[in-house]
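So the structure is just underneath, and the comments pick up after that.
The values are calculated or read from the model by the stated rules, or taken from the named source; none is laboratory data. Note that the structure is predicted; figures quoted are calculated from it, not measured. Don't worry about glycine lacking a Cβ; one is built from the backbone with ideal geometry, like all the others, and counts go over all protein chains shown. All accessible areas refer to the heavy atoms of the entire protein, side chains included, with ligands and DNA or RNA removed. Shrake-Rupley method; radii C 1.70, N 1.55, O 1.52, S 1.80 Å.
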Amino acid sequence: MNPSGKAVRIGVFGGAFDPPHNAHVALAEAALAQLDLAELHVIPTGQAWHKSRALTPKQDRLAMTRLAFAGLKGTVVIDSREVLRDGPTYTLDTLHELQQEQPGAQLVLIMGADQAGALPTWHGWQAILGIAIVSVAYRALSTGDIARFDPKMLPGLPAGARFEALELPAMDTSATEIRRRAALGEDISSLVPPTVARYIDQHHLYRSA
C-alpha cells in the first residue's frame, strides 16, 4: 500500500520486442503518464509458444529492449525473467511471480486492442483477468476515429474482470515492417530509437542470408 491507502500499481508490458520500436516506447510513455504506476516492468518474451516464426536470439532482444526504454522518465524495470525461463513463456506465470514478489500490489497488464481481442487464445486467460487489470491501448486511426475493443465481446468473460483505457497517438509502426526493411538494407532510423538502429546495424540483425 502507498501512504494514501491505495494499492501500489505495477505495470506489466510484455512483447517479443523483435525489435522494440518507437510505438512500443510511446506506449510505455503513455502508460507512465496515464496509469498512476509506481513502476513499469518491460518484459521481453522468452520462448513464445504462440509465434509461428523463430524469434531473434533472446540476448539480442533483451539488449535492444534495454536500449530502447533507457531514456524514459519514471521507474522502468527491464525484466529479464521470461528470457531466462526454460520452456514456453506464459504471462500467467509471470503475473503469479510478480504477485508473490510484491504482495498487495495491483498488477496492470498493458496491451494493444488487437491483443485484447485475442485474450481467449492466451494460456490461462481467465485466471489472468482474476489477477490483473487489463489496460487496453487505443490508437487513433488515420480517419480520426479510434479503434475500440469491447471486452463484453469476449466469450466466457469472467465476472469481475477489469479493463482500463490507455490513449495513444496515431502511429503506423510494425516490427514486421522494420524487419523487412532491415533485411533489404533500407533505412529504419525513423521507426526505432537511434540506439536500437545502431545495435541492429552493428550486429547485422534481420539481414538476408
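At-a-glance table
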| quantity | calculated |
| --- | --- |
| Selection count where residues are assigned to a helix (DSSP H, G or I) and basic (Lys, Arg), scope the range 35-85 | 4 |
| Unmet criterion (only one of (1) modelled with pLDDT under 95; (2) touching a Ser or Thr at 6+ places or on another chain (Cβ under 8 Å); (3) within 27 Å of ARG139 (Cα to Cα)) for GLN47 | (3) |
| Which listed residue, of ASP114, ASP79, is charged (D, E, K, R), under 17 Å from GLY15 (Cα atoms) and crowded, with 16+ Cβ neighbours inside 10 Å | ASP79 |
| The range 101-116, residues that are within 30 Å of MET153 (Cβ to Cβ) and in a loop (DSSP other than H, G, I, E, B) | ALA105 |
| LEU98 assigned to a loop (DSSP other than H, G, I, E, B) and out of contact with any Pro (no Cβ under 6 Å at 6 or more places or on another chain) | no |
| Residues that are part of a helix (DSSP H, G or I), free of Cβ contacts under 8 Å to residues at least 60 places away in the same chain and either in contact with a strand residue (DSSP E or B) (Cβ under 6 Å, 6 or more places away or on another chain) or open to solvent by 40 Å² or more (accessible area, probe 1.4 Å) (or both), drawn from the range 146-197 | PRO151, LYS152, MET153, THR176, GLU177, ARG180, ARG181, PRO194 |
| Hits in the range 36-52 (condition: surrounded by fewer than 18 Cβ atoms within 10 Å (Cβ to Cβ) and farther than 17 Å from ASP86 by Cα) | ASP36, ALA38, GLU39, SER52 |
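Rundown of residues vs (1) modelled with pLDDT under 95; (2) under 16 Å from ALA30 (Cβ atoms); (3) not basic (Lys, Arg), yes/no style:
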site	(1), (2), (3)
ARG139	yes, yes, no
ALA147	yes, yes, yes
LEU154	yes, no, yes
ALA159	yes, no, yes
GLU164	no, yes, yes
LEU168	yes, yes, yes
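Residues are listed down the side, and each one gets a yes or a no for (1) out of contact with any strand residue (DSSP E or B) (no Cβ under 9 Å at 6 or more places or on another chain); (2) open to solvent by 60 Å² or more (accessible area, probe 1.4 Å); (3) closer than 16 Å to VAL196 by Cα:
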{"site": "VAL8", "(1), (2), (3)": "no, no, no"}
{"site": "HIS21", "(1), (2), (3)": "yes, no, yes"}
{"site": "GLN34", "(1), (2), (3)": "no, yes, no"}
{"site": "ALA54", "(1), (2), (3)": "yes, yes, no"}
{"site": "LYS58", "(1), (2), (3)": "no, yes, yes"}
{"site": "LEU72", "(1), (2), (3)": "no, no, yes"}
